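The values are calculated or read from the model by the stated rules, or taken from the named source; none is laboratory data. These figures come from a predicted structure and were not determined experimentally. Using ideal geometry, Cβ is built from the backbone for each residue, glycine included, and neighbour counts are taken over all protein chains shown. We work out accessible area using only protein heavy atoms, side chains counted, and drop any ligands, DNA or RNA first. Shrake-Rupley method; radii C 1.70, N 1.55, O 1.52, S 1.80 Å.
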Number of protein chains: 2
Amino acid sequence: MVPQHMELQKKLKVENFAEWFEQTTLHAMIYDYRFPVKGCGVWPGYGFKLRRNVLEVMRSLLDNSGHEECLFPLLIPRGLLEKEAEHVRSFQEEVFWVTMGGSSELGEKLALRPTSETAIMPMLKLWIRDYKDLPIKLYQVVSVFRYETKATHPMIRVREVTTFKEGHSAHATYEDAEKHVGEMVGLYKKFYEELCIPYIVSKRPNWDKFAGAICSIAFDTIMPDGRALQIGTVHHLGQNFSKPFDVKYLKPDGTHEYVWTTSYGISERVIAALIALHGDDRGLVIPPKVAPIQAVVIPIPYKGREGEVYEEAKKVYSELTSTGIRAIIDEDDEETPGSKFFKWELKGVPVRVEIGPRDIDRGVVTLVRRDTLERKSVARSELLTSFTALLDVLSNDMRSAAWKYLDERFYKVKSLDEAGELIKARRGIVEVPWCGRDECGSTLEDNTEARVLGSPLGAAAEKGKCISCDREASNSLRLAKTY
Amino acid sequence: MVPQHMELQKKLKVENFAEWFEQTTLHAMIYDYRFPVKGCGVWPGYGFKLRRNVLEVMRSLLDNSGHEECLFPLLIPRGLLEKEAEHVRSFQEEVFWVTMGGSSELGEKLALRPTSETAIMPMLKLWIRDYKDLPIKLYQVVSVFRYETKATHPMIRVREVTTFKEGHSAHATYEDAEKHVGEMVGLYKKFYEELCIPYIVSKRPNWDKFAGAICSIAFDTIMPDGRALQIGTVHHLGQNFSKPFDVKYLKPDGTHEYVWTTSYGISERVIAALIALHGDDRGLVIPPKVAPIQAVVIPIPYKGREGEVYEEAKKVYSELTSTGIRAIIDEDDEETPGSKFFKWELKGVPVRVEIGPRDIDRGVVTLVRRDTLERKSVARSELLTSFTALLDVLSNDMRSAAWKYLDERFYKVKSLDEAGELIKARRGIVEVPWCGRDECGSTLEDNTEARVLGSPLGAAAEKGKCISCDREASNSLRLAKTY
């Protein structure tokens, strides 16, 4: 389980992103996609730590906004899954079914949850009595399963989604649920900002909402191959689930009403985006906030002064860890410093701390940033201050660079030809004027080989003509090649 | 999701333990077993926090002993599961099979993991090259599935085991693996001590080892109904898995050898034991180390002095939380203090902190222990010291009481009649002299309606005659009714 020594091809990320992604995540021990079931991958130790740190950011946001973490069963009986008609219609071709226990046929088929609305509603029915029990906000982090028939991609389109954080809420009124949807959009924005991931928020089109939702909002980012990747969604489910599941509450006036529910999810696609957007031809570049290792201390011994260098390196390492910085020291004297640089660069450690005899003589320490590979000598006596400041600078620079990258790939165009060309060349996301009618939107998908991501949230009327029907535009649509 | 106001029947725990357990865990919001699939339960917020705290104790022990947390897929192809012949023979009647994706039959049936040896071995084959890669120690916390045909019990015998912590290791030699088994037995002991759970460690008998193991060691405790509950196991797997899965390593001498593996697991049965052993007719009693709430501050307002009491209660609450104590304050002025006592006793909060006008006048705070319900006034100025000391006393007393309870239910007897009577009356675990021959052990199971738990680890020869065949005893066997 040691990191593999592999050399990434120059420009591999740009020229063959899929290959770069699979190689990098494998050799940095983030995700091993060689498990012998299609669409199922393994998280080895280093990847697991990255995943845990990313989830901790999310947990902290959710816990601080009144959510409770729960755990619901994996197996959903067919009858339950089919209660909300539209929901099952959308999922039925993607559901894995357990049909046998031992050598016996089960009485009722059991679905591996594709998402948990239908598992949670029967429990909400038991838990909710009156208005004082509302709102309820809960979440769980679980595996969900989709029998994908399209090409699978590690972390991005898998059959076992191992890191599905699904939030669910129930409210007394439509307006409360709507307000909560807005708050969760805000919460997700904070989450992506912490991970230095840029995003575009769109209201999903009517013809492509979450199955059972009255309104879906999606976050997309743009991958290095120019395709959009959906990295989060928030849904207002209205009473579409509470009615078939008969989840009511007693109002102060003594009458009963069905609750209003919402749901919202992210998955390991967030981690895929983080890796894809920040990585380079040397490997990963992990934002300090979630890096399993924030600093690697590497002694650079010279003949005759080895003892001194190792000792100083140890002191620096202790100082860093004592303040809670996730640091390690790489003291292996059978490996050259160059080989160590290479290995920890592959693993995306944000800062390398080098200590050689010259540093000691000059009373300094050398810090090397992973993102820009810039070197900088800082006074030994100010190590902690300088180091902490550097982590902040690095985070901010990574965030800005990623936003710049996204902004450069977001186009507003007025003609179908222009839009079609940009999409064909996989340049990113294209926003076009739109009359607001579903049929114009969905025909665009046919004419451009793109998927519609949705419209801006609460945008003012767009000037210009609908690029599909030439009527006066009242809105915009975003189009892109997608995963 | 508020705690339910329920009154437990007096002596319910002693007279109908199963009913007490289901009611207590439900009403304290630890575990809701009303999910509409047999053998599958839900962890609501409060129970999830208890589960998380218990797992944190385990994670910390494992992380500090060189383990890496990982995550392996749920779905195991039939061919993989069947590679180790004895393993599959034991599990095949208990495996849930996924046979369909959407409306298509799958080419190869996929098992929901009953345990993960067969999922991990193919990855070890990819990860291990030479002796420098060994030992590998890893673990994961996942759901495993067993198609139980026996009666199910919440947390204790379920179809979805939601909290399976499985550890796996690979070593260069038999001896290294054996040494690791010993270390893991030691690690589990520490774990149970932290949770104030008493245990008996036995070497499982030859005819009832883990499927594929060359040696299995089990931890048992005794439940309030006198039945033994297996709460942990550690297995030396020899080369039984590495051979069929072809997991070899390169030795320093240039030859290859199969690795030696071990595995070890605990599940939510540990939480069930914790609840069962410490709870009483008022509900749960949770050991401070893992209590989601360690202290509940309850103001006891009197007419005219309400403001003062609430203010003081808030100060006490802030003081407690500021030092990292998991405290809450129950300020709801529509509920009587008595009703609050009742509610937080049900939830097992270790210490109640009461503040009334008399406490303020006397410069004291009243602390009430959940385990003994003893009240104690402590000087307000020494609150933190007194509170921390009380938590320690409480933990130690809970641990001692639980060990005393177990010791009183552990019998050493010399005759079959005596053993049979104790077991029939469900008095606990019975140890008897044994000649060491398998056939004597297994016939005992038929003659006493008990299961054999195993023999003492490294015990000296037991004096007396084998209670089955009357030959000279060379060892002992432990028998009990089990779950």
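Residue-by-condition table, conditions (1) in contact with a helix residue (DSSP H, G or I) (Cβ under 6 Å, 6 or more places away or on another chain); (2) basic (Lys, Arg); (3) more than 11 Å from chain B (Cβ to nearest Cβ); (4) under 19 Å from A:Pro350 (Cα atoms):
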{"residue": "A:Val37", "(1), (2), (3), (4)": "no, no, no, no"}
{"residue": "A:Gly41", "(1), (2), (3), (4)": "no, no, no, no"}
{"residue": "A:Tyr46", "(1), (2), (3), (4)": "no, no, no, yes"}
{"residue": "A:Asn53", "(1), (2), (3), (4)": "yes, no, yes, yes"}
{"residue": "A:Leu61", "(1), (2), (3), (4)": "yes, no, yes, no"}
{"residue": "A:Gly66", "(1), (2), (3), (4)": "no, no, no, no"}
{"residue": "A:Phe72", "(1), (2), (3), (4)": "yes, no, no, no"}
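Among the residues of the stretch B:17-54, those that are among the aromatic types (Phe, Trp, Tyr) and buried (at least 20 other Cβ atoms within 10 Å of the Cβ) comprise B:Trp20, B:Phe21, B:Tyr31, B:Phe35, B:Trp43, B:Tyr46, B:Phe48. Restricting attention to the stretch A:314-353, the residues that are of a type in the set (D, E, K, R), more than 25 Å from A:Tyr31 (Cα to Cα) and surrounded by 22 or more Cβ atoms within 10 Å (Cβ to Cβ) add up to 0. You will find that of A:Val57, A:Val88, the residue that is of a type outside the set (D, E, K, R), within 27 Å of B:Ile76 (Cα to Cα) and either open to solvent by 20 Å² or more (accessible area, probe 1.4 Å) or more than 8 Å from chain B (Cβ to nearest Cβ) (or both) is A:Val88 and no other. Here is a check on your reading of the model: is A:Arg352 over 26 Å from A:Gly47 (Cα atoms) and touching a strand residue (DSSP E or B) at 6+ places or on another chain (Cβ under 8 Å)? Considered against the rule, which asks whether it is over 26 Å from A:Gly47 (Cα atoms) and touching a strand residue (DSSP E or B) at 6+ places or on another chain (Cβ under 8 Å), A:Arg352 comes out as no. In the stretch B:446-474, which residue that is over 18 Å from B:Lys424 (Cα atoms), over 28 Å from the mean Cα position of the chain (by Cα) and crowded, with 18+ Cβ neighbours inside 10 Å is modelled with the lowest pLDDT? Among those that are over 18 Å from B:Lys424 (Cα atoms), over 28 Å from the mean Cα position of the chain (by Cα) and crowded, with 18+ Cβ neighbours inside 10 Å, it is B:Glu462.
When the stretch A:233-260 is filtered for residues that are more than 33 Å from the chain's Cα centre (by Cα) and hydroxyl-bearing (Ser, Thr, Tyr), the ones remaining, listed by number, are A:Tyr249, A:Thr255. Checking B:Tyr310, B:Tyr302 one by one, the residue that is over 30 Å from B:Asn206 (Cβ atoms), modelled with pLDDT under 95 and surrounded by fewer than 23 Cβ atoms within 10 Å (Cβ to Cβ) is B:Tyr302 and no other. Of the helices (runs of 4 or more DSSP H) lying entirely inside the stretch A:348-445, the ones with 3 or more residues being at pLDDT 95 or above and among the hydrophobic types (A, V, I, L, M, F, W, C) are found at A:383-408.
Scanning the stretch A:354-370 for residues that are within 25 Å of A:Ile286 (Cβ to Cβ) and either open to solvent by 40 Å² or more (accessible area, probe 1.4 Å) or not acidic (Asp, Glu) (or both) returns A:Ile355, A:Val365, A:Thr366, A:Leu367, A:Val368, A:Arg369, A:Arg370. Take the residues in the stretch A:91-106 that are facing another protein chain (nearest Cβ under 8 Å) and under 24 Å from A:Ile266 (Cα atoms), then tell me which one is surrounded by the most Cβ atoms within 10 Å (Cβ to Cβ). The extreme case among them is A:Phe96. Candidates are the residues of the stretch B:6-16 that are in a helix (DSSP H, G or I) and among the hydrophobic types (A, V, I, L, M, F, W, C); the one that is surrounded by the most Cβ atoms within 10 Å (Cβ to Cβ) is B:Leu12.
More than 14 Å from chain A (Cβ to nearest Cβ), surrounded by fewer than 21 Cβ atoms within 10 Å (Cβ to Cβ), among the hydrophobic types (A, V, I, L, M, F, W, C) and more than 21 Å from B:Ala228 (Cα to Cα): does that describe B:Ala172? When the stated conditions are applied, B:Ala172 passes them.
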